[in-house]
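Chemist: Here's a structure for you.
Just so it is clear, none of the values below were taken in a lab; they were calculated from the coordinates. In this text the structure is predicted, and so the values were computed from the model without any measurement. Every residue, glycine as well, gets a Cβ built from its backbone with ideal geometry; the counts of neighbours run over all protein chains shown.
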Amino acid sequence: MNTRYIQKAYKVLRNEGIHGLGARLLRHSRPSRRNDDFDLKHGVSTDGDIPLWKLAIDSRNWTDGVFYRPVAIDQFNRAMSHLPITPSDYVFIDLGCGKGRALILAAQHGFKCIIGVEFSHELCDIARANFKQVRPDMGALIACQDAREFVFPDAPAVVFMYDPFGAETMAFTIPKVKPDSYIVYVNPKHAKVIPFELMCSDEGLAVYHVSSPTPRIYAARRSAGRFASRVTRL
Ligand SMILES: C[S@@+](CC[C@H](N)C(=O)[O-])C[C@H]1O[C@@H](n2cnc3c(N)ncnc32)[C@H](O)[C@@H]1O
């Protein structure tokens, strides 16, 4: 059996227990909610599931990543309907953009600046080709890197995530989202590590507003400060 497969199974077992591992295996065995019409209509290839152990990924953090599965179109549209914004005023960022389906949908919703972050080179190439196929008139930036290393642009953004990674990566990455942004989290399994104000939650969906550092962040900073002053006094 592939060692990457065993590495991943071990990590899931350690973090989520036997029930978590069972749930993941079950999820893999079910076909994704197919949206072949989208691919046929646009002449792209976004459908299908790909486990990460099958992809060549440089990042050591890959075991915390979730396999590729494209977002369902109705779910994406429902998520967008919760945002009280004019899309053209915001940058759209998909953390874990895979083959770029959400990027194409975001362009259709009117976002003018589109960024995808994805750590599989193979999926990045597919996302670029897919986006170009649908919107040759418009550039999308596909940053081929671990989301942990992504530097968020200094502009209000809609940060989209379709269950891309585990709590570790989430806790490291999300506090860096810039103020005045929104976070749209589909299948929000690790919502408890998101330190921002929950605006609404709908079936399988959570939307957050990033206004300024929240009391939870201040509390963490205060206790970090107390810890630092104790260390200095020693
Ligand atoms: C469930 S898929 C979501 C695909 C896409 N966002 C969509 O909605 O169609 C999760 C994606 O996140 C990527 N991913 C997981 N961890 C990542 C990380 N740390 N940095 C960048 N991409 C990551 C995976 O390679 C996979 O393509």
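Chemist: Taking other Cβ within 10 Å of each residue's Cβ, how do 181, 59 sort, fewest first?
Modeler: Exposure proxy ranking, most exposed first: 59, 181.
Chemist: With respect to the cross-link table entries 41/189; 11/54; 112/189, which display a Cα-Cα separation exceeding 23 Å?
Modeler: 41/189; 112/189
Chemist: Take every DSSP beta bridge with both residues inside the range 123-210 and express the antiparallel ones as a percent of the total, to the nearest 5.
Modeler: Restricted to the range 123-210, the bridges split so that about 70 percent are antiparallel.
Chemist: Related question: Give me 138, 80 sorted ascending by neighbouring Cβ count inside 10 Å, so fewest comes first.
Modeler: Ordered by Cβ neighbours within 10 Å, fewest first: 138, 80.
Chemist: Given q = 0.15, 0.16 Å⁻¹, what are the Debye log10 I(q)/I(0) values for the range 31-217, with equal point scatterers placed on the Cα positions and solvent ignored?
Modeler: Normalising to I(0) and taking log10 leaves -0.84, -0.97.
Chemist: Next up: When DSSP assigns beta bridges and you keep just the ones with both residues in the range 31-217, what percent turn out antiparallel, to the nearest 5?
Modeler: Restricted to the range 31-217, the bridges split so that about 45 percent are antiparallel.
Chemist: Then there is this: Please report, for the Cα atoms of the range 141-180, the Rg to one decimal and the Dmax as a whole number; what are they, in angstrom?
Modeler: When restricted to Cα atoms, the range 141-180 yields Rg and Dmax of 10.3, 26 Å.
Chemist: Now a separate question. Assigning unit charges at the beta carbon (Lys, Arg +1; Asp, Glu -1) and nothing else, what dipole magnitude in debye, to the nearest 20, does the range 31-217 show about its Cα centre?
Modeler: Here the size comes out at about 40 debye.
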